[in-house]
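Worksheet for the structure shown next.
The values are calculated or read from the model by the stated rules, or taken from the named source; none is laboratory data. Just so it is clear, the structure is predicted and the values come from calculations on it, not from any experiment. Positions of Cβ are backbone-derived with ideal geometry, glycine not excepted, and every protein chain shown enters the neighbour counts. These area figures cover heavy atoms from the full protein model, side chains too; ligands, DNA and RNA do not enter into them. Shrake-Rupley method; radii C 1.70, N 1.55, O 1.52, S 1.80 Å.
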2 protein chains.
Amino acid sequence: MNILIAEDETDIRNLIKINLEDNQYKVFAAKDGLEAWEILKSQEIHLAVLDVMMPGLDGFNLLRKLRTISNIPVIFLTARMDEMDKVLGLGLGADDYLVKPFSMNELLARIGAQLRRSHEYQAQKWVDNEVIEYGALTIDKKSCTAYKDQIPLELNAKEYKLLLLLMENPERVFTKEQLYNAVWGENYYYDDNTIMVHISHLRNKIETDPQNPEYIKTIRGLGYKLHKMEV
Amino acid sequence: MNILIAEDETDIRNLIKINLEDNQYKVFAAKDGLEAWEILKSQEIHLAVLDVMMPGLDGFNLLRKLRTISNIPVIFLTARMDEMDKVLGLGLGADDYLVKPFSMNELLARIGAQLRRSHEYQAQKWVDNEVIEYGALTIDKKSCTAYKDQIPLELNAKEYKLLLLLMENPERVFTKEQLYNAVWGENYYYDDNTIMVHISHLRNKIETDPQNPEYIKTIRGLGYKLHKMEV
DNA sequence: CGGTAATTTAAGGTAAATTTAATGTTTTCA
DNA sequence: TGAAAACATTAAATTTACCTTAAATTACCG
C-alpha cells in the first residue's frame, strides 16, 4: 500500500514516514503541495496524509486537485481544529483529520480504517481513461499505449514511461538526472549514457528522421524537452 | 437517512437525537445493545452511533452481531481512548470513534463524512452490471460463473476474481501490485511470483493457446491487460 | 482427523529489455 | 582552430521480467 505524506515540517514528516514503513506501508514523502502533486501524478497512491498549512499549494487546494484524478481516502493534519468540522461534514472531499499533536497509534489506526473501507468498496477508482495528445503523438494511459498518426508505436516499458513523462509536461526541459529519477525511480548514482541510449531508441521509434528530431529536442548542457514547431 | 443511536446515558442519547433531527436525520434511539439490535433487525439503518460501555450487550459485541447483517458505517462513543486505536486499526469493523466529551459539531461532521463515503460506495455498487461480455468471454456476477463460448470455465476463487477485474476494466493495464491489491486485498509485502502463477493458471483455463494468449496480454515491465485483437 | 482442493513458494529456463562499451559527431570555448 | 565536453548511435554483454511446472503449505470439508 502506497501512502503519500505531504508535510512541510521535516521532523514530523520523517517520524510519520518511519512509523508507516515499520508497518509495511510504502511511503512517498513530500515537503510541500507541489512535490506531493508530482508524486500523485506519477505514482499509484492509496491514501494521502496532508498537512493543511503548507507553503504554496496548501492542503485544501491540493485536495481539490487530487479529487480531479482520484478518489482515495485523505486524512488531514492540522493544528487548527476549528474549520475542520466543516471540511469533513460538508463533503469537501476529506475523509478524516487529526489535530496536532496526535499520537502515532491514532494515525496508524485511522489509516488502517480508511484503507479497510477503501478496499472493501474498491474505492480506489481506476483513473478514468486519459488520453494525451501532442502533435501527431497520442498516449492512452489506461491501456499504456502510444500512437503516432493513429499508428501504434511499439514501445517497451522504459520508452513508454519516458514518452509519458515528456507528454505530460510538454515544453518542459528535463535534465538527464530528472529523467532518470522520474522513470527509473532511483536517486543515487547513474550513468547518463543509459538515458541517451533510451532517448535514441525512443527517437528511432517516433521521429520521421531521428537524426533531425521533430519532437524530442536536445538542449545541450541542460537536457531534453518535448517540443514541436508550430505549423 | 436513518441513524441508530445506542447510548445508555439518557441525556446524551437525547441530546444527540435532537441535534441529528435538527439536521434532518431520522433517528432511532436505543438505550442498550439489545434494543439497538431489535431496531437493526427491523429498520433500514444507514449509520450507527454506538456507545462502547452499555449494560448487557456492549458496543463491541453489538458491532459483531451487526456485521453479520450489515456493512453500514459505525461510529463509536467512548470515554476510554485506549483500545480504540486497535479497534479502528485492526479492522474489527468500526469506522470512526469519538471520545467523550465530544462536540456535537464534530459528531455531525463525522457522521456526514461517513455517510458521504458510504453513499459513494453504494452508488458504485448500483451501477454494476450483472453480466459482462468481452469477446467470447462472459461473466455472470450473480452466480460467480464464467464462460467461454457458452462453455463453463472451471475457475477457482482467485482466478475468477482476476478475470472479473480484467473484464470490468477491458484494455486497462494493471500492474502486478494492482492485481494483488484488488484481488488479495492485502496491504503489505507480496511476492509477485504468486500473481504470475495465477495468471498462468488462468491462461491455461481460458486461452486456446496459453503460450500465445489471445486475451490476457503481458505488457512487459508494466503489467497485464485484457485485450483481444479486433477481427 | 484425513483427504482434497486451493494457494503459495521454489526452481529452472528463456526471451526481451536494459545497461555497458565503443566509436563517431556536434557543439562550445579558449 | 583545435581540444574538450556533450551527445548520438550501435552492438555486445548483462540483467531482468516473465513463464511454467511441481513441491510445499494452507484451507476447507465431511
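Given the structure, is A:LEU155 at pLDDT 90 or above, within 19 Å of B:ARG172 (Cβ to Cβ), within 14 Å of chain B (Cβ to nearest Cβ) and more than 15 Å from DNA strand D (Cβ to nearest atom)?
On the way: at pLDDT 90 or above: yes; within 19 Å of B:ARG172 (Cβ to Cβ): yes; within 14 Å of chain B (Cβ to nearest Cβ): yes; more than 15 Å from DNA strand D (Cβ to nearest atom): no.
No.
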Expected single match for at pLDDT below 90, touching an Asp or Glu at 6+ places or on another chain (Cβ under 7 Å) and within 11 Å of another protein chain (Cβ to nearest Cβ) among A:LYS125, A:LYS142 is A:LYS142
The lone condition A:ILE132 fails out of (1) more than 12 Å from DNA strand D (Cβ to nearest atom); (2) modelled with pLDDT under 90; (3) not in a strand (DSSP E or B) is (3)
Considering residues that are part of a strand (DSSP E or B), open to solvent by 20 Å² or more (accessible area, probe 1.4 Å) and either more than 7 Å from DNA strand D (Cβ to nearest atom) or in contact with a helix residue (DSSP H, G or I) (Cβ under 6 Å, 6 or more places away or on another chain) (or both), the number found within region A:202-229 is 2
Among the residues of region A:132-154, the number that are within 16 Å of DNA strand C (Cβ to nearest atom), open to solvent by 40 Å² or more (accessible area, probe 1.4 Å) and touching a residue at least 40 places away in the same chain (Cβ under 8 Å) is 1
How many residues of region A:211-231 are within 13 Å of DNA strand C (Cβ to nearest atom) and of a type outside the set (A, V, I, L, M, F, W, C)? The answer is 7
TODO: Output yes when any residue across region B:174-194 is in contact with a strand residue (DSSP E or B) (Cβ under 7 Å, 6 or more places away or on another chain) and away from DNA strand D (no atom under 13 Å from the Cβ), and no when none is.
DONE: no
